[in-house]
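First up is the structure itself, then whatever we jot down about it.
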Amino acid sequence: KNKALEMVRGSSMHPMFGMEDFRKKGFLNLQDEYESVSKTLEYGYDDFCVAQIARKAGQIGLASSYDRSSLAYRNLMDEKGFMHPRSNGQWVADFDPRQVNNHFTEANSWQYSFYVPHDIQGFMKRLGGPRALEAQLDALFSADERTTGRTQADITGLIGQYAHGNEPSHHIAYLYNSAGAPHKTQQRVKQILEEMYHNAPDGLSGNEDCGQMSAWYVLSSLGFYPVCPGDPRYVIGYPALDSANIRMGNGKVFRIRRSGSGPYIDHVELNGLDHQNNFLRHRDFMQGGKLVFHMSETPSDWGTTMDRVYLTSVRSSYIEAPVMEYAASVFF
């Protein structure tokens, strides 16, 4: 654990790709680094992962420090819920969330504005609560598919402004679970499985990138997906398979079965017991057992109460960088 911590700490402090400015300011201005918004968000998630390793190693103070810096997204989230680039401390003017530009990595603000997998509860609270998150997701999937700005070949597999062909979008459909609307996760995951994958040479909607496009398909077909790697839980989606067995490294077997043919989950059984949480824990798999999805033609109230939904949260105090407002580009 200490060796792993030493390695990830070294990487997290390496003064390249804007990391030095990120450590000083808590976010990146566009003057600091190319693709400043994407890097701020991804460095924040990376710091969450470092915090988990530090905590496992017994370095509680260090973990708390990385917890704080993992909340960097709060410096870029504007009042409409978009991750908004900043220039010398100000919001960039003439902002269009559909625009593809140098502030984002192969994407736009629509596609990166949900990239807070480690603090879903905090992100949702800033939006205005579960219904606001649900509405923001609805707006993403129903938005005009056209982008503005430069042409970007990686933005493919579009449903509204959701781009399945590029990995930063891959967790987004599962966020409906966190808003207490798991039937919408089931709808979207089913749609993506059926429309974005085909048994043909061009059967993927985007670049495979180390196998992620296929990994999403395999996991989602089984009925769950790790929205936040580093958190040992998996969000339940839509099971596309009638049956599957997973042989765990410890020799145990986890069996998955689907009962019924409807598009919605009516209820779930785990080892013969009613399972109300709309997520699974890693230990559920490691212990072996049987998971049964009972399907329905209509949405149910399964997994909809807020004490049963998947949420992540970083519990740390955080002082946001103030947003500057000034008329001139140079001031004294």
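The values are calculated or read from the model by the stated rules, or taken from the named source; none is laboratory data. These numbers were taken from a predicted model, which means no experiment stands behind them. Backbone-built Cβ (ideal geometry, glycine too); neighbour counts: all protein chains shown. Keep in mind that these areas ignore ligands, DNA and RNA; they rest on the heavy atoms of the full protein, side chains included. Shrake-Rupley method; radii C 1.70, N 1.55, O 1.52, S 1.80 Å.
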Residues being closer than 18 Å to residue 42 by Cα, part of a loop (DSSP other than H, G, I, E, B) and acidic (Asp, Glu) - total across the stretch 65-92 = 1
Could you check, for the stretch 302-322, whether at least one of its residues is surrounded by 15 or more Cβ atoms within 10 Å (Cβ to Cβ), free of Cβ contacts under 8 Å to residues at least 40 places away in the same chain and either of a type in the set (Val, Ile, Thr) or outside any loop (DSSP other than H, G, I, E, B) (or both)?
-> no
Flag for residue 95 being open to solvent by less than 10 Å² (accessible area, probe 1.4 Å), assigned to a loop (DSSP other than H, G, I, E, B) and under 20 Å from residue 28 (Cβ atoms) = no
Quick one: residue 224 ticks every box in (1) open to solvent by less than 50 Å² (accessible area, probe 1.4 Å); (2) touching a residue at least 60 places away in the same chain (Cβ under 8 Å); (3) of a type outside the set (D, E, K, R); (4) closer than 30 Å to residue 45 by Cα except a single one, so which number is it?
-> (2)
Give me the pairs, please: first residue somewhere in the stretch 14-35 and open to solvent by less than 40 Å² (accessible area, probe 1.4 Å), second residue anywhere and of a type in the set (Val, Ile, Thr) and at pLDDT 95 or above, beta-carbon distance under 6 Å, and either six or more positions apart or on two chains.
-> 27/40; 28/40; 35/105
Right, residue 62: among the hydrophobic types (A, V, I, L, M, F, W, C) and in a helix (DSSP H, G or I) or not?
-> yes
Residues of the stretch 154-182 classified as in contact with a helix residue (DSSP H, G or I) (Cβ under 6 Å, 6 or more places away or on another chain), closer than 13 Å to residue 193 by Cα and free of Cβ contacts under 8 Å to residues at least 60 places away in the same chain, total = 3
Log entry, pairs with first residue in the stretch 191-209 being open to solvent by 50 Å² or more (accessible area, probe 1.4 Å), second being at pLDDT below 95 and polar (S, T, N, Q), beta carbons closer than 8 Å, six or more apart or on different chains, reads 207/166
Quick check, is residue 55 of a type in the set (D, E, K, R), surrounded by 20 or more Cβ atoms within 10 Å (Cβ to Cβ) and out of contact with any Leu (no Cβ under 6 Å at 6 or more places or on another chain)?
-> no
When only residues in the stretch 110-142 that are under 14 Å from the mean Cα position of the chain (by Cα) and hydroxyl-bearing (Ser, Thr, Tyr) count, which is nearest to residue 166 (Cα to Cα)?
-> 112
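Residues are listed down the side, and each one gets a yes or a no for (1) over 18 Å from residue 118 (Cβ atoms); (2) in contact with a strand residue (DSSP E or B) (Cβ under 8 Å, 6 or more places away or on another chain); (3) at pLDDT 95 or above; (4) assigned to a loop (DSSP other than H, G, I, E, B):
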position: 14; (1), (2), (3), (4): yes, no, no, yes
position: 22; (1), (2), (3), (4): no, no, yes, no
position: 34; (1), (2), (3), (4): yes, no, yes, yes
position: 37; (1), (2), (3), (4): no, yes, yes, no
position: 41; (1), (2), (3), (4): no, yes, yes, no
position: 44; (1), (2), (3), (4): no, no, yes, no
position: 50; (1), (2), (3), (4): no, no, yes, no
In this structure, is residue 258 more than 21 Å from residue 177 (Cβ to Cβ), at pLDDT 95 or above and open to solvent by 40 Å² or more (accessible area, probe 1.4 Å)?
-> no
Do the conditions hold for residue 247, that is, is it basic (Lys, Arg) and open to solvent by 50 Å² or more (accessible area, probe 1.4 Å)?
-> yes
